[in-house]
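In what follows, a single structure is set out as structure tokens and then discussed.
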Amino acid sequence: MTETFVSYSLIAVYSAMAIYTLAFVMFAVDLARRSAESSDASAARATGLASASAQQASVMVNGSSVGGTDTLTTAGASESKIVAHSPKSLKLAMAMTVLAWVLHVGAVIFRGVAANRVPWANMFEFTLTATALIVGVFLIVQFWQDLRFLGSFITGFVLIALGVGTSSFYVDVVPLPPALQSAWLVIHVFVASLSTGFFALAASLSIVQLMQARREAGKALKLRFLDTLPAADRLETLAYRLTVVGFVMWTFTLIAGAVWAERAWGRYWGWDTKEVWTFIIWTLYAGYIHARATRGWRGSRSAWLAIVGFLAIVFNFTVVNLFFKGLHAYSGL
């Protein structure tokens, strides 16, 4: 029975990866559509201004102002029609993402049933669960703010993570080590995974913010789709809010880890490599929030700090787990 559920889990995750790939392509098509619409809108705007100038010249000659107003209205309506084009590619991309996520969650559940425990006790299982939560956060946040333009970033990152996880981190289902046989495994790791989802979304927003800031500064970043996205300061505000949510959860992760360490090893803190990097990540994000709130760190500096914080999470999960030994060596490899 265990092998059957393991097979179901693998089938589900590979199916999810295939559909994530299609979603990634459709999100990329949407970005191309945005670029085309931006170019068309710019052309329409230029045509409208030229027509308005010609009409204004006619008005000056004939002493009439009616024609000029009609021309401007027509040009504006033409541009509005272009921008209001139905984004079918985006709707299809989101539908594929939802379908892939359902299969992804199914893979997590099947793995948990096969192991008869929560499915995040080694690097493969953590990759499987954390990426499902990243996509889940991305989907849920849409009810608060339309961030579908990040779809290519999120699906691309999840595809890479699942590809590495299934090819390099995969291990068979094995019993838990004694130190992991605790309710804190459920709480501590789940909250850490959930906070990673918020940090991933914030990092994606920060990347787009840097690109948008360069465009707004006229630094030759000619990516037309950026014309259809929020301004850099708006992207920064959204990233900050998501980071605050993730930071609260990461703070709980740090505290819960210390409590669990005391019960498992008889001390709250032992300068284990994993403990140190968890604290480093907390310090990075605490510095980001504090500096932005009190020191006026805005723009590219705050964006880079958010990106560095997420890269530290990736480093903590990969390099620290694989190459550093300690009490937290639960990679399963």
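The values are calculated or read from the model by the stated rules, or taken from the named source; none is laboratory data. What you are looking at is a predicted structure, and each value in this text was computed from that prediction instead of being measured. Note that each Cβ is placed from the backbone with ideal geometry, even for glycine, and that neighbours are counted across all protein chains shown. With ligands, DNA and RNA removed, areas are computed over all heavy atoms of the protein, side chains included. Shrake-Rupley method; radii C 1.70, N 1.55, O 1.52, S 1.80 Å.
Can you tell which of 152, 167 is open to solvent by 10 Å² or more (accessible area, probe 1.4 Å), under 27 Å from residue 2 (Cα atoms) and either of a type in the set (Ser, Thr, Tyr) or assigned to a helix (DSSP H, G or I) (or both)?
Values: 152 fails: under 27 Å from residue 2 (Cα atoms).
Answer to the check: 167.
Quick one: which residue in 114, 121 is crowded, with 20+ Cβ neighbours inside 10 Å, touching a residue at least 40 places away in the same chain (Cβ under 8 Å) and in a loop (DSSP other than H, G, I, E, B)? Before you say what the answer is, go through the steps one by one.
Working: 114 fails: in a loop (DSSP other than H, G, I, E, B).
Matching residue, one of 114, 121: 121.
I'm told residue 191 meets every condition in (1) surrounded by fewer than 16 Cβ atoms within 10 Å (Cβ to Cβ); (2) touching a Phe, Trp or Tyr at 6+ places or on another chain (Cβ under 6 Å) except one. Can you identify the failing condition by its number?
For residue 191, the failing item is (1).
For residue 299, are the conditions met, namely being among the small types (Gly, Ala, Ser), over 30 Å from residue 167 (Cβ atoms) and at pLDDT below 90? Outline the logic, then answer.
Working: among the small types (Gly, Ala, Ser): yes; over 30 Å from residue 167 (Cβ atoms): yes; at pLDDT below 90: yes.
Yes: the conditions hold for residue 299.
When segment 215-260 is examined, which residues are found to be under 30 Å from residue 183 (Cβ atoms) and among the aliphatic types (A, V, I, L, M)?
Looking only at segment 215-260, we keep the residues that are under 30 Å from residue 183 (Cβ atoms), and these are 242-260.
Hits for segment 215-260 are 242, 244, 245, 248, 249, 254, 255, 256, 258, 259.
Being assigned to a loop (DSSP other than H, G, I, E, B) and open to solvent by less than 50 Å² (accessible area, probe 1.4 Å) narrows it down to one of 257, 270, so name that one. Steps first, please.
Values: 257 fails: assigned to a loop (DSSP other than H, G, I, E, B).
270 is the lone residue from the list that is assigned to a loop (DSSP other than H, G, I, E, B) and open to solvent by less than 50 Å² (accessible area, probe 1.4 Å).
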